[in-house]
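Report on the structure given below.
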Amino acid sequence: DQKYVAMQFSDTIVRIAKVDGGNSAKRPLETDSSAAAISKYQKQWTIDLSGTSGEQPMASDPGTMPKPDLFAGGAGAVARAAGFHARKLLNRRGSGEGGADVTSTGDMIVPGGIFWVDRSSDGHPILVFVTSHAVRLYKISPIKHLMRLLESFSVPTAIDCFWYDHQARCLMVGSLCRLFEDGKNTETFDMRAYSFQKPIREGDGNGDQSQGSSDSVTTAFAPFTVGKQLDGSMSLNSIALTFLYECVFCVALGETSVTFIKLDSSKGLVTEMKEVQYPKPTDSLPPLDVTRAIIAVADNTVIVTDRDSDACLLLDVYGTNGSFCDYISSNGFGDQSTAFLPPSSLLDSRGRGHLYGISLDLKCVVKLLPPTAAVVSFLLRRRVNPTLSHSLALEIINGVFDDKSKRSTSLLLTFLDLLTPSCDNRDSDSVSNWDNYACLSLVNQAALLSSDTMVTPASIGGELDMANVTFPFLTQTEMLCHVLIPQAREAITQLDIAQLNLLCEFSFLYMQTLEQHKLLRTPALETFIISLLWRLGNGEEIASLLRARHQWRKVLPGFKEDILGQEALAEMLIAIVTDPNSKYDGTDGDRISRLVIAYAIDLLNNIRSFQVAGKHLLALGRCGDAVTITQKAIAPKRRQQNQQQQQEVIPIKGTGAYDFFTAAINEANTLESVGDRCRLLFNVHSFISDYDPNCMVMTPSDSGELQSALASKFGQNFPSELFGGGDDSSAISLKAMFGFSIAHTL
């Protein structure tokens, strides 16, 4: 709620006043006896670099200027106390109080060199002066209504210009140096940068901090040089201070390249210098005149243009090959009446004073650039609208698949690095976990089954929501949902075997890339690859993949934790090899089918999904095996100690007592020996009595006779003929055991 305004009267005098609610404090009339003294909270401050006060602010009443002899000893004493040893531009001498000679600082404010630093977090307004030989910070304490010099950084050579970025709270000042070397005029800028990120500590803070100190609120960078060789003068327009990807960069445009200089605010050092060559201009896009350039920043992108050019240069400090740099056509940033305000604003100075923001039209950018991995990488790093960026990137990849004239993996391989997080991405684990969970809803679609045979695993629920995907790479979920599955379904419809082979090869390489980065491949991606291999008759590839997957599960602990995903994968593997519409194009289909089913059942057994395994074994007509593996679901309950009653096991769909009984009857039809049939039924009865005891509860039938719930649901006569006939003792015992009424079966 504290507001202040700084008013510059000349190149040496600045007045600072407090503004409350838009009205500055007014001085009472001198004739008003009730206002004999002005409250200190209405005082204003004046800084006069040429006067006797030197660097220190002088307090005075509103409407009056401080007296010139207010500070005896003058600015010479202040400058000496501050350690100010810069070369004087002006040497003025005056007479202070008591006739003592005083010397002014001889310093002047660089045009535009007064600005506020946003320190709303700590409530201390900071006013920065950029003068011809120093950078000064003034602190205002709103509670005490005091203003003082906080820090002063002297610069040995005259400051010619400065750049400031409010997001980074970083200031860069430059001193132009001209030399004649090797027959050429060499121009460079000696740069010094200052970051105002440190918290304010209470203390004197007075004095020269040119080398920095532990109590300093400012990080002073080590000096560095920016320049190029020209036969003329260097334009200040060719240098900019930018805030990209939460880092500070000095951008310097040259004749053939641009240099990015990274400034580490925490260490006060230049940590990286990267030179990026300009792309070759064309007839329609001539080279830019960098001496007249406008350097704007939008969405972490440096945009370079000039008012007379139809070209625009897009620069990204990062990219697939270390950086991104390309020309596009542009309508420019308006005529000469439009003033550019760094980093991304335009002011209509002659019209109504409208202020316009500069932004990237990504749809237009995509139309103007070729469909390459570099463009996709550029899109994925944009943060303003990540949903649109990802959508456009996926459209480019789909376009490469759709271009039948370039049906090759060579171009597609260039996209693989964009589908995995970088090695230094700290969020790779969390991203992988998110991707693994999000892909669950795609497992059934990834199997590429026909709609009438679509199977939904028991572990899948809910719909896929990718509205908030903001990762700087394409996830497996995005690739499957928007590229791979739609492309595969279209190829199946068109009987395009060549496209299926391309998709299979690309997906296999994609999976290998994930393994190289030690990332979990999602069950949906594995299901998709195995489905393609099955349709293409690549049985040995399936066998090799399953063997390798068994070893990979031992390496990555995430495989053991992902119960839902592994369960869904196992179910879809069985669905793929048993789907009558998904024909295996090979001669070893039966062997590969048995191998896949055995692997799926073993996987379900390892993750303790016993009932799910039993369900599929029942569907395959393997009732005995289903009983054996489903018994494991109730065995732990039997062994539980300190419990009076056994906990109930609820059968899942497809594994009820009725399902086991009908599967046993169907399997009995395939057995030749009556004894084997009886043993199978005895085993099933023993199992379901523990597994689903409610099915054996006797209730009156429509005829008034008692029979079990299982017999009522079966709704048919007991097939005594399979067990020696109606008069056979074994058949009679089995009928009674399963709760069929004797009269009903005569």
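The values are calculated or read from the model by the stated rules, or taken from the named source; none is laboratory data. Worth saying up front: this structure is predicted, and the values here are computed from it rather than measured. Cβ atoms come from the backbone with ideal geometry, glycine included; neighbour counts cover every protein chain shown. Accessible surface is based on the protein model in full, side chains and every heavy atom, while ligands, DNA and RNA are left aside. Shrake-Rupley method; radii C 1.70, N 1.55, O 1.52, S 1.80 Å.
Structure values in brief
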{"item": "With all protein chains modelled, accessible area of residue 159 [1.4 Å, Å²]", "result": "10"}
{"item": "Förster radius 51 Å - calculated FRET efficiency between residue 7 and residue 410 (Cβ-Cβ, nearest 0.05)", "result": "0.20"}
{"item": "Sequence of 698, 511 when ordered by accessible area, the most exposed leading, probe 1.4 angstrom", "result": "698, 511"}
{"item": "Backbone HN-Hα couplings from phi across the range 586-601 [Karplus 6.51/-1.76/1.60, Hz, Gly and Pro as x]", "result": "x, 9, 9, x, 5, 5, 5, 4, 5, 5, 5, 5, 4, 5, 5, 5"}
{"item": "Ranked by how many other beta carbons lie within 10 Å on average, peptides 565-574, 310-319, 393-402 from highest", "result": "565-574, 310-319, 393-402"}
{"item": "Percent accessible area from carbon and sulfur atoms, the range 556-625, protein chains only, probe 1.4 Å", "result": "50"}
{"item": "Protein-only accessible surface order, largest first, of 382, 535 at 1.4 Å", "result": "535, 382"}
{"item": "Environment charge of residue 627, counting only residues whose C-beta is closer than 13 Å and scoring Lys/Arg +1, Asp/Glu -1", "result": "-1"}
{"item": "Rounded accessible area of residue 380 (nearest 10 Å², 1.4 Å probe)", "result": "10"}
{"item": "Solvent-accessible area, 1.4 Å probe, carbon plus sulfur percent, for the range 141-194", "result": "53"}
{"item": "Which of 666, 698, 725, positive extreme of dipole for the range 645-746 (C-beta unit charges)", "result": "698"}
{"item": "Exposure of residue 602 as accessible area (Å², to 10), given a probe of 1.4 Å and all protein chains", "result": "70"}
{"item": "The range 684-745, accessible surface, carbon-and-sulfur percent (1.4 angstrom probe)", "result": "50"}
{"item": "Local electrostatic count at residue 365 - Lys and Arg +1, Asp and Glu -1, tallied over other residues with Cβ under 11 Å", "result": "0"}
{"item": "Average accessible surface area per residue within the range 370-422, 1.4 Å rolling probe, Å²", "result": "41"}
